[in-house]
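The values are calculated or read from the model by the stated rules, or taken from the named source; none is laboratory data. Everything numeric in this text was worked out from a predicted model, so none of it was measured. We place every Cβ from the backbone using ideal geometry, glycine too, and count neighbours over all the protein chains shown.
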Amino acid sequence: MLRNILSIAAFCVVLALRTQTQNLPVSWVDKDTGHRVIRLTDEPGSSGFYFNVNAFTPDGKQMVYTAPDGIHSLDLASLKTRLVVPNPPRRADAGSDPRANFRFGVHTIVVGRKTNSVFFTKFDADTKLSTIYKADVYTGEVTKLVALPARASVATINANETLGVGTYDENATQPEQEYGRNRPQGTGTAPGSGPAPPAGSLVQPEGKGEMMERRLAARIPVVLYTIDLKGGKVTILLHSTDWIGHMLFSPVDPTLLMYCHEGP
């Protein structure tokens, strides 16, 4: 049964709809394939991880997902959910800006391959830096790890949970040239201060193709780097003016990293 549920969770995740005009049943059989589809979440705006990002705990019992109120876990046997890491309260100086919670909220990276932990970042409005944390999926205990370099994001954690990998811009560039997952969110001239879709959003922005063309043509100098999750040591892997993205560590080899040269 657990294996069947895992397969359904991995490939047939149906997320709670934003609209109230469509009320899907909790479970139904697809008329074309004969497969049973199960709705896993009830929170409006909830979302699964990007397809290549691990969402399952090493013990195979929990799946992590996001919702507007924070990071949740789903028990794959009972299908019960719980809030693991809440988003911080809305800032008093946020005003009516709908992106404020995204800027200063928690941003998932990946579920660990070694421990039953979810890794995430949170932006500090005072230092204008993002910090990596991890949270125990069962207890909710949060551990602060390391602060990222200026203008940096992190996209993946290695198999033994000792390194993070991401990119950072070598220079403070115009934010409208940027496009990418898990960019640091700031205000004013801070890096990554441009508009961004809600965390986990499956809706593609208008003009995405043109945005991708513009970002690739900008030839922004970037650095692909590792960061030690205990001491914070940063190691540069390469300099590039291409658009580097989709960093992904091997699930078993802590020294093997995959990445791509982005483009339209």
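When residue 227 is tested against (1) surrounded by 12 or more Cβ atoms within 10 Å (Cβ to Cβ); (2) modelled with pLDDT under 85; (3) out of contact with any Ser or Thr (no Cβ under 7 Å at 6 or more places or on another chain), just one condition goes unmet, and that condition is (2). Cβ-Cβ distances below 8 Å connect the following pairs, each with a first residue in the range 161-177 that is more than 10 Å from residue 221 (Cα to Cα) and surrounded by fewer than 21 Cβ atoms within 10 Å (Cβ to Cβ), a second residue that is at pLDDT 95 or above and basic (Lys, Arg), and a separation of six or more residues or different chains: 161/113; 161/114; 161/134; 162/230. Annotation note: Cβ proximity below 7 Å between a residue of the range 103-129 that is surrounded by 22 or more Cβ atoms within 10 Å (Cβ to Cβ) and a residue that is among the acidic types (Asp, Glu) and not in a loop (DSSP other than H, G, I, E, B) (sequence gap 6+ or interchain) occurs for 117/136.
Evaluating residue 58 against the criteria (1) modelled with pLDDT of 95 or more; (2) within 25 Å of residue 153 (Cβ to Cβ); (3) of a type outside the set (S, T, N, Q); (4) outside any loop (DSSP other than H, G, I, E, B) leaves one unmet condition, (4). Out of all the residues in the range 240-257, which are loosely packed, with under 12 Cβ neighbours inside 10 Å and not polar (S, T, N, Q)? Correct list: 252, 253. Output yes when any residue across the range 134-142 is hydroxyl-bearing (Ser, Thr, Tyr), at pLDDT 85 or above and in a loop (DSSP other than H, G, I, E, B), and no when none is. Scanning the range 134-142 turns up at least one residue that is hydroxyl-bearing (Ser, Thr, Tyr), at pLDDT 85 or above and in a loop (DSSP other than H, G, I, E, B).
Taken as a whole, the condition of being more than 28 Å from residue 156 (Cβ to Cβ), at pLDDT 90 or above and surrounded by 13 or more Cβ atoms within 10 Å (Cβ to Cβ) applies to residue 37.
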